[in-house]
Amino acid sequence: MAPVGCYESLAAAIQAGAGSVYFGIQGLNMRSGSANNFTIDDLPKIAEICRNGQMPENYVSPQEVIYPETVTGTHKGKPLNSYLTVNTIMYDGDLDKMRRIIDAASEAGITAIIASDVAAMTYARGWDRTDHKPRIEVHLSTQLNISNVEALKFYAQFADVVVLARELNMEQVTHIHEEIIKQNIRGPKGELVRIEMFAHGALCMAVSGKCYMSLHEYGRSANRGACAQVCRHAYDANIINNKEDRYLLDDLDHDIQLTIDNKYIMSPKDLKTIHFMNKMVDAGVEVFKIEGRARGPEYVKTVVGCYSEAARIIEKSDIDQSGHCVLPDNWQELVNVWDKELARVFNRGFWNGYYLGQRLGEWSHEYGSLAKEHKEYAAKTMGWFSKIGIGDFLCEAHELNKGDKILIIGPTTGVVEITLDEIQVDYKVVEKVNKGDRFSIKVPTKIRPSDKVYLVVNN
């Protein structure tokens, strides 16, 4: 399941082979403070794109001018399920908005909502209606912190899919999965409840994201999707009144003081499970969820692409007598390749989370990303000639040189990665282009006017 916060990321998810996507619209989702959020008016378009498994050629964004050449079309994938997050804490003043959002999602044909508040669940399930006809399917958010069978049995009346707490280990997940079968725990569809778990991305210092630190310091509640990420800051520790067991922490980025002990003591490394996805499958996990709705489309394409490839290999693997996946002989070589790819894009360093039994967290040592690469804006697309596979560009911000690696990103195009083997200006081969130059390069995949070109820079 891929995270999408914009149409560029949605296109990237399709390119990467995602089976489903999840997203939020403005308000009542756990990334409502992010700049990457759709609006309620986007719901029909998102649902249509996911049903078709393809970005439409007639999609017009404020930044995009439609190029008339449509010979080769857009990337076509398989149909995707679409999941709308409506998973914040809700107060009475939010209920009308919640109902409008769920009604709009139902009318648009969104597959399901991801919810944590019973008010959203009961409304989605149609409990307020005389015939109790459901409005839309419900999935149980990790914000519910479901960690045991009894809790799951209660919430199964609302949903067929549960995102279990991220603090569980695989033995606990295996037990829950076995009890689902043994106790015949079924959701509203009459099917056994399916287990979904986060497989990659940011982790929070709080239990399943339930944190009040941002609210305490800034009046911005993480439980309302407005986390200020105070925990990610660096802190200096100073002994208070010569008491070695007590320290005053000065936030190096903001005018805040806390009492604790060292730098980045609340900022966990990111979760990475690709090297033991088989153990998660053995435990009964059926859906692997990627965190990162606030990340760029290149993150979505890279991470989803790696996990999709790993999932396909595991899916095709044999099963031994104990019911466990038998991995191919070159599995570790593949993991090494995926690790390098995942390190290229946004991350705070990686660890296994709590899934393999580790009781204490691992903490990042720097603020922001430890990615091996980052992107810098360089040019915009002016046109694309399908019959010869040539893109026309205007260099606007950053010089480009032969041999550079670039990303072409757009709301219909998604992400196209290219190495500049040859650059032409006025039909002449050149070694580099500077700001203001109009240039052309070979681009075998269709791109569109106003797609942005980024230089990939090694960190």
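Enumerate by residue number the trypsin sites (Lys or Arg not before Pro) in region 271-359 meeting two conditions: DSSP loop (anything except H, G, I, E, B), and at most 14 other Cβ atoms within 10 Å of the site's Cβ.
Filter output for region 271-359: ARG359.
Between region 125-142 and region 399-459, what's the alpha-carbon centroid distance in Å?
48 Å
Note down the accessible area of GLU417, probe 1.4 Å, to the nearest 10 Å².
For GLU417, solvent-accessible area is about 80 Å².
Given the convex hull over the Cα atoms of region 293-359, what projected area results after averaging over all orientations, in nm²? Provide the component values of the computation, followed by the final result.
Numbers: hull surface 24.4 nm².
That works out to 6.1 nm², a quarter of the Cα hull's surface.
So, with a 1.4 angstrom probe, what is the percent of accessible area on region 337-388 that is carbon and sulfur? Intermediate values should be presented prior to the final figure.
On the way: 1620 of 2910 Å².
The C+S portion of the solvent-accessible surface of region 337-388 is 56 percent.
Ranked from the most accessible area to the least, with a 1.4 Å probe and all protein chains present, what is the order of THR381, THR445, THR122?
On the way: THR381 5, THR445 65, THR122 35 Å².
Accessible-area ranking of THR381, THR445, THR122, largest first: THR445, THR122, THR381.
Over region 264-390, with the other protein chains present, what is the accessible area per residue in square angstrom, probe 1.4 angstrom?
47 Å²
Any chance you could look up the accessible area of ILE110 with a 1.4 Å probe, heavy atoms only, rounded to 10 Å²?
10 Å²
Tally up the carbon and sulfur contribution to the accessible surface of region 282-330 as a whole percent, 1.4 Å probe, everything protein left in place.
44 percent
The values are calculated or read from the model by the stated rules, or taken from the named source; none is laboratory data. Every value quoted in this text rests on a predicted model; they were computed, and no experiment measured them. So basically every Cβ, Gly included, is an ideal-geometry build from the backbone, and we count neighbours across all protein chains shown. Surface accessibility is based on the protein's heavy atoms, side chains included, excluding ligands, DNA and RNA. Shrake-Rupley method; radii C 1.70, N 1.55, O 1.52, S 1.80 Å.
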